Amino acid sequence: MKIAVFSAKSYDKKFLTHITDNSSSPIELTYHDFSLSLSTVSLANGAEAVCVFVNDVLSAEVLTHLSQSGVRAILLRCAGYNNVDLSTAESLGLFVANVPSYSPEAVAEFALALLQTLNRNTHRAYNRVREGNFNLDGLLGRTLRGKTVGIVGTGKIGVAFAKILQGFGCKVLAYDPYPNEEAFRPYGQYVDLHEQLLPQSDFVSLHCPLTDQTRHIINEVSLSQMKKGAMLINTSRGGLIKTKAVIAALKSHQLGGLALDVYDGEGALFYQDHSGDIIQDDELMRLMTFPNVLVSGHQAFFTEEALTEIADCTLKNLEDFRAGRTCRNSLVHAGRPLARRESVPVRI
Ligand code: NAD
């Protein structure tokens with residue numbers, strides 16, 4: 001069986017050898033380090049499956065092309081699937097499966113790392129002392145104990161984040177239209193997003209998926225409802241935040257800091273070295289001029305444990321597909337997209 005692997009970096013190749021080494025029958029992986037899109041889809045010709053990541057584009061056109069060229073299965077190496085047109089995949093009879101959970105703790109721990117870097121200004125201290133400047137002016141932070149942290153989305157990552165915050169002695173508030181009572185209750189309290197979570201939180205961290213309902217959940221209105229000077233962390237999906245609105249809120253000091261591991265326009269930039277290029281995204285470049293903005297390149301998941309789990313789960317999904325078995329990670333079912341509570345795929 002031939003599988004075309006898109007957005008494949010050196011670390012993917014290293015961990016995905018697990019698939020070829022452990023598959024029940026021979027598999028040939030062809031690696032492409034660029035992403036899947038309309039302009040690259042022809043590289044999947046001859047493959048029966050494609051293996052893709054967060055910034056690969058599986059629009060209706062791309063899926064139709066894949067189907068016509070003989071591809072039967074889409075194997076996502078990630079949890080989020082807002083980049084896949086599931087309705088079209090279903091109508092084409094394609095198998096689509098994701099890796100729903102690969103170390104939620106990896107992402108939660110990274111969210112905490114971003115929060116504390118921003119809060120305690122360690123990014124600025126790091127640069128400052130390297131130039132022999134040991135002045136503390138401008139590095140003042142806030143003790144986390146006793147602060148209120150608002151979590152938007154209490155799935156696997158949101159709950160893992162709440163557990164960590166409990167250890168810091170924070171008060172945890174959460175909003176989720178589908179409360180995860182049993183898992184979340186020991187760590188915090190569910191409240192209304194606009195009336196309570198945003199006005200009361202010193203830090204807000206986003207852990208909900210990108211759907212039609214959540215796109216730009218952080219906009220001019222929600223930012224104005226936040227406590228003045230509160231900090232915002234996004235390790236979920238870039239499209240949750242309206243970038244123009246956060247720039248304005250940072251300029252007015254309504255927003256006290258912003259840490260992004262994901263960005264709306266990341267598809268054109270992330271996972272590639274653009275250090276020799278003139279970056280054309282003016283909003284991202286404006287964001288990076290603020291001393292209280294941190295940007296990382298969608299790396300919250302990036303731990304050895306998570307990459308091992310991704311390879312393992314991708315192999316299991318593949319084996320289910322090949323054996324015609326029911327796959328617990330399938331995103332389409334009996335010709336229809338599964339009615340997962342968060343699944344209203346955003347078409348791109
Ligand atoms: P999950 O499916 O376990 O949980 C998502 C939660 O969000 C659910 O409880 C759901 O009810 C809730 N939700 C849905 N709509 C909502 C809304 N309008 N407002 C608030 N909550 C809402 O997912 P997870 O494993 O916790 O992952 C969360 C997100 O993290 C993923 O969708 C993905 O986009 C992102 N992610 C990022 C990285 C990274 O490396 N930065 C890695 C993995 C996942």
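Some values worked out for this structure:
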| quantity | calculated |
| --- | --- |
| Condition check for Glu48: among the charged types (D, E, K, R) and touching a Pro at 6+ places or on another chain (Cβ under 9 Å) | no |
| Of all residues in the range 159-198 being within 9 Å of the ligand (Cβ to nearest atom) and of a type in the set (Ser, Thr, Tyr), the one that is surrounded by the fewest Cβ atoms within 10 Å (Cβ to Cβ) | Tyr178 |
| Matching residues, the range 64-77, being crowded, with 21+ Cβ neighbours inside 10 Å and in contact with a Phe, Trp or Tyr (Cβ under 9 Å, 6 or more places away or on another chain) | Ala73, Ile74, Leu75, Leu76, Arg77 |
| Pick from the range 255-266, criterion surrounded by 19 or more Cβ atoms within 10 Å (Cβ to Cβ) and within 16 Å of the ligand (Cβ to nearest atom), ranking: farthest from Ser222 (Cα to Cα) | Glu266 |
| Residues within the range 41-74 that are within 13 Å of Ala4 (Cβ to Cβ) and either small (Gly, Ala, Ser) or within 16 Å of the ligand (Cβ to nearest atom) (or both), tallied | 12 |
| Thr143 vs. criteria without any contact (Cβ under 8 Å) to a residue 40 or more places away in the chain, hydroxyl-bearing (Ser, Thr, Tyr) and assigned to a loop (DSSP other than H, G, I, E, B) | yes |
| Leading residue by the ranking (farthest from Ile157 (Cα to Cα)) among those in the range 284-327 that are touching a Lys or Arg at 6+ places or on another chain (Cβ under 7 Å) and either open to solvent by 80 Å² or more (accessible area, probe 1.4 Å) or not polar (S, T, N, Q) (or both) | Pro291 |
| Per-region count, the range 241-268, residues part of a loop (DSSP other than H, G, I, E, B) and under 19 Å from Ser296 (Cα atoms) | 6 |
| Identity of the residue in the range 215-230, open to solvent by less than 20 Å² (accessible area, probe 1.4 Å) and either in a loop (DSSP other than H, G, I, E, B) or not hydroxyl-bearing (Ser, Thr, Tyr) (or both), that ends up nearest to Thr148 (Cα to Cα) | Ala230 |
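Results for (1) closer than 21 Å to Gln116 by Cα; (2) in contact with a strand residue (DSSP E or B) (Cβ under 8 Å, 6 or more places away or on another chain); (3) more than 16 Å from the ligand (Cβ to nearest atom), shown as yes or no for each residue.
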| residue | (1), (2), (3) |
| --- | --- |
| Lys228 | yes, yes, yes |
| Leu232 | yes, yes, no |
| His253 | yes, no, yes |
| Leu269 | no, no, no |
| Asp281 | no, no, yes |
| His298 | yes, no, no |
| Glu304 | no, no, no |
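For every residue, the table says whether it meets (1) open to solvent by less than 10 Å² (accessible area, probe 1.4 Å); (2) more than 16 Å from the ligand (Cβ to nearest atom).
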residue	(1), (2)
Pro26	no, yes
Ser39	no, yes
Ala79	no, no
Asn83	yes, no
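The values are calculated or read from the model by the stated rules, or taken from the named source; none is laboratory data. Predicted, not measured: the structure shown is a model, and the values here were computed from it. Note that each Cβ is placed from the backbone with ideal geometry, even for glycine, and that neighbours are counted across all protein chains shown. Surface accessibility is based on the protein's heavy atoms, side chains included, excluding ligands, DNA and RNA. Shrake-Rupley method; radii C 1.70, N 1.55, O 1.52, S 1.80 Å.
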